[in-house]
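Report on the following structure.
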Amino acid sequence: MTDEALTLDDEILARARIHAREVAAEHDLELEVGALEWDVSARARRRAGLCRWDADREVATIVLARRAYERYEWPEFAAVVRHELVHALEFQRTGESGHGERFRTLAARLEAPRRCRSFANPRYVLRCRGDDCDWRATRHRASEPVRTPGRYRCGDCGGALEVEHADSGRTWNTASGYGGAKAALGEDW
């Protein structure tokens, strides 16, 4: 018999399962913790966790992001687990879940955030080009405003937008500028 070293994913799942049992017991939740399935995502870049519902099997699966676990301290990551437990409980009770009033009430009881802090650096930064406006937003994907910033205006002052590719510093404010930046950066895109 060989000793198998525990992986980081094993650690994440063990800590999350223990925390889930403690939370369910402490708050007297009607959550079937033993019926939950758990997974770790090595690919997730923006989402610290998610809860999927398989309606055919009536099983909730909580998926936790390895990168979030690596970047957050345990109390913040434990809050992500509690957030997903709220979804799991809603799925087990009703077959659906969202971030509405029912979610907010239970999340407050469990001290679970409605949204989690980003743990990944954005790929794009959108900025207002207006002289006296400091509005900015970040994006991880090439959304419509990233690809065609000329079609959008600042929600604060109505000014034109500029987009910056965060890794390279290259900027554009038109659809053709986006295409040019993408072509010029090639593999570095």
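The values are calculated or read from the model by the stated rules, or taken from the named source; none is laboratory data. Remember, predicted model here, so these are calculated numbers, not experimental data. Positions of Cβ are generated from backbone atoms using ideal geometry, with glycine treated the same way; all protein chains shown enter the neighbour counts. Ligands, DNA and RNA are excluded from the accessible area calculation, which covers all protein heavy atoms including side chains. Shrake-Rupley method; radii C 1.70, N 1.55, O 1.52, S 1.80 Å.
Number of residues in segment 46-58 that are over 22 Å from residue 75 (Cβ atoms) and in contact (Cβ under 8 Å) with a residue 12 or more places away in the chain: the value is 3.
Looking at 157, 128, 116, which is the one that is touching a Phe, Trp or Tyr at 6+ places or on another chain (Cβ under 9 Å) and open to solvent by 70 Å² or more (accessible area, probe 1.4 Å)? Quick ask: steps written out before the conclusion?
Numbers: 128 fails: open to solvent by 70 Å² or more (accessible area, probe 1.4 Å); 116 fails: open to solvent by 70 Å² or more (accessible area, probe 1.4 Å).
Checking each option against the conditions leaves just 157.
Residues in segment 135-151 that are surrounded by fewer than 16 Cβ atoms within 10 Å (Cβ to Cβ) and hydroxyl-bearing (Ser, Thr, Tyr): 138, 143.
Look at segment 161-189: where a residue is closer than 11 Å to residue 142 by Cβ and a partner is part of a helix (DSSP H, G or I) and of a type in the set (Lys, Arg), sitting 6+ places away or on another chain with Cβ atoms under 8 Å, you get 178/147; 189/182. Residue 59 falls short on exactly one of the conditions (1) in contact with a strand residue (DSSP E or B) (Cβ under 8 Å, 6 or more places away or on another chain); (2) open to solvent by less than 40 Å² (accessible area, probe 1.4 Å); (3) closer than 28 Å to residue 140 by Cβ, and that condition is (3). As a summary of the residue check, residue 14 satisfies the conditions (1) within 19 Å of residue 112 (Cβ to Cβ); (2) out of contact with any helix residue (DSSP H, G or I) (no Cβ under 9 Å at 6 or more places or on another chain) except for the one numbered (1).
Which one of these is in contact with a Leu (Cβ under 8 Å, 6 or more places away or on another chain), at pLDDT below 95 and not small (Gly, Ala, Ser): 30, 90, 84?
30
When residues in segment 1-44 are screened for being farther than 18 Å from residue 79 by Cα and in a loop (DSSP other than H, G, I, E, B), 11 of them pass. Mind listing just one residue for me: the one in segment 104-147 that is of a type in the set (Ser, Thr, Tyr) and out of contact with any Ser or Thr (no Cβ under 9 Å at 6 or more places or on another chain) and, of those, modelled with the highest pLDDT? Applying the filter and picking the extreme gives 105. For residue 109, the conditions (1) assigned to a strand (DSSP E or B); (2) open to solvent by 70 Å² or more (accessible area, probe 1.4 Å) are fulfilled apart from (1).
Got at least one residue in segment 71-93 being closer than 22 Å to residue 28 by Cα, open to solvent by 30 Å² or more (accessible area, probe 1.4 Å), among the acidic types (Asp, Glu) and not in a helix (DSSP H, G or I)? No: zero hits.
Among the conditions (1) under 12 Å from the mean Cα position of the chain (by Cα); (2) at pLDDT below 95; (3) open to solvent by less than 80 Å² (accessible area, probe 1.4 Å), the only one that residue 47 does not satisfy is (3).
What about residue 39, is it within 30 Å of residue 140 (Cβ to Cβ), in contact with a Leu (Cβ under 8 Å, 6 or more places away or on another chain) and without any contact (Cβ under 8 Å) to a residue 40 or more places away in the chain? First the steps, then the outcome.
Details: within 30 Å of residue 140 (Cβ to Cβ): yes; in contact with a Leu (Cβ under 8 Å, 6 or more places away or on another chain): yes; without any contact (Cβ under 8 Å) to a residue 40 or more places away in the chain: yes.
In short, yes.
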